[in-house]
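Values quoted throughout were computed directly from the atomic coordinates according to the rules given, and no laboratory measurement underlies them. Note that the structure is a prediction, hence the values are computed from the model and not measured. Cβ coordinates were reconstructed from backbone atoms using ideal geometry, including for glycine residues, and neighbour counts include every protein chain displayed.
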Amino acid sequence: MIKSIIFDVDDTLYDFRSAHSAALGTLSAFIESVLGVSPEAFIALHGETFRLQEARLGNTAASHNRLIRFQMMLEALNKPVALAPAMAELYWTALLACARPLPGAPETMTQLRDRGMTIGVGTNMTAEWQFAKLQRLGMMPLIDFIVTSEEAGVEKPDAGLFALCARKAGCAMSECAFVGDSLKGDALGARDAGMRAFWLYRGTDAPDAPPGVVRIRALTELPALMDTQ
Ligand SMILES: [Mg+2]
């Protein structure tokens with residue numbers, strides 16, 4: 001029996017990709033105005049720096065830290081790093097302004113809570129901005145516990161993050177369900193850690209789910225699925 005259901009955040013509870021793209025657009029216009037770097041060059045450098053940051057920091061929450069990323073971009077441009085905090089502020093303000101819950105997300109969380117399940121969040125990111133996103137999305141009152149990779153010290157799909165979720169839920173791994181958009185990080189990570197795994201796939205095709213993983217197209221499918229678990 002499922003006693004706790006734990007959600008990834010980005011591209012699971014809201015559309016991260018579109019919000020991120022809009023925030024980078026706002027930031028690139030600002031950088032063009034103050035540094036004369038074209039938006040195309042800025043976006044290309046952002047991609048290169050993202051890969052460099054991941055290679056340097058590995059699977060850590062700091063690999064997602066935008067302040068560090070923008071600092072590294074300014075270093076690559078040979079520009080003063082003093083601009084990095086303003087860039088981070090602009091990026092996050094724009095991203096939060098665009099963030100909206102995916103259809104049915106709050107209603108689904110409410111339905112699951114009404115069935116007596118606890119609601120958790122398990123996310124690869126620094127705590128500060130995941131809290132800010134959940135507040136912006138209006139979901140804080142629906143959430144019983146939060147685990148970030150910054151707190152866990154490891155990132156999904158490491159079993160340690162899932163284990164900390166189960167500990168906070170106060171139940172066995174097999175009594176937890178995990179829902180996320182990443183097949184490797186969320187669904188396979190949760191499955192291999194011993195949780196029930198739900199893979200949120202919003203594409204138009206219908207890929208097969210690996211054994212032990214249930215593919216869903218929308219969060220609103222979850223309450224009915226809980227009856228069969
Ligand atoms: Mg995600």
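Key figures for this structure:
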{"quantity": "Matching entry among Asp208, Asp186 (being more than 16 Å from the ligand (Cβ to nearest atom) and in contact with a strand residue (DSSP E or B) (Cβ under 9 Å, 6 or more places away or on another chain))", "calculated": "Asp208"}
{"quantity": "The range 1-24, residues that are assigned to a helix (DSSP H, G or I), away from the ligand (no atom under 12 Å from the Cβ) and in contact (Cβ under 8 Å) with a residue 40 or more places away in the chain", "calculated": "Ser18, Ala19, Ala22, Ala23, Leu24"}
{"quantity": "Residues of the range 98-137 satisfying the condition of being away from the ligand (no atom under 15 Å from the Cβ) and of a type in the set (Lys, Arg)", "calculated": "Arg100, Arg113, Arg115, Arg136"}
{"quantity": "Condition check for Thr148: of a type in the set (Val, Ile, Thr) and crowded, with 22+ Cβ neighbours inside 10 Å", "calculated": "yes"}
{"quantity": "Matching residues in the range 1-47 - criterion: being closer than 30 Å to Met117 by Cα and exposed (fewer than 14 other Cβ atoms within 10 Å of the Cβ)", "calculated": "Met1, Arg17"}
{"quantity": "Positions within the range 189-205 being of a type in the set (Ser, Thr, Tyr) and within 12 Å of the ligand (Cβ to nearest atom), in sequence order", "calculated": "Tyr201"}
{"quantity": "Elements of type helices (runs of 4 or more DSSP H) contained in the range 132-229, each with 3 or more residues being more than 12 Å from Gly122 (Cβ to Cβ) and either acidic (Asp, Glu) or touching a residue at least 60 places away in the same chain (Cβ under 8 Å) (or both)", "calculated": "222-226"}
{"quantity": "Qualifying residue in the range 75-85 (condition: touching an Asp or Glu at 6+ places or on another chain (Cβ under 7 Å), of a type in the set (Lys, Arg) and away from the ligand (no atom under 16 Å from the Cβ))", "calculated": "no"}
{"quantity": "Residue in the range 34-57 that is within 16 Å of the ligand (Cβ to nearest atom) and closer than 26 Å to Val154 by Cβ present", "calculated": "yes"}
{"quantity": "Failed criterion for Cys171 (all others in (1) more than 21 Å from Arg215 (Cβ to Cβ); (2) out of contact with any helix residue (DSSP H, G or I) (no Cβ under 7 Å at 6 or more places or on another chain); (3) buried (at least 18 other Cβ atoms within 10 Å of the Cβ); (4) hydrophobic (A, V, I, L, M, F, W, C) hold)", "calculated": "(3)"}
{"quantity": "Residues (of a type in the set (A, V, I, L, M, F, W, C) and either surrounded by fewer than 18 Cβ atoms within 10 Å (Cβ to Cβ) or more than 15 Å from the ligand (Cβ to nearest atom) (or both)) located in the range 152-164", "calculated": "Ala152, Val154, Ala159, Ala163, Leu164"}
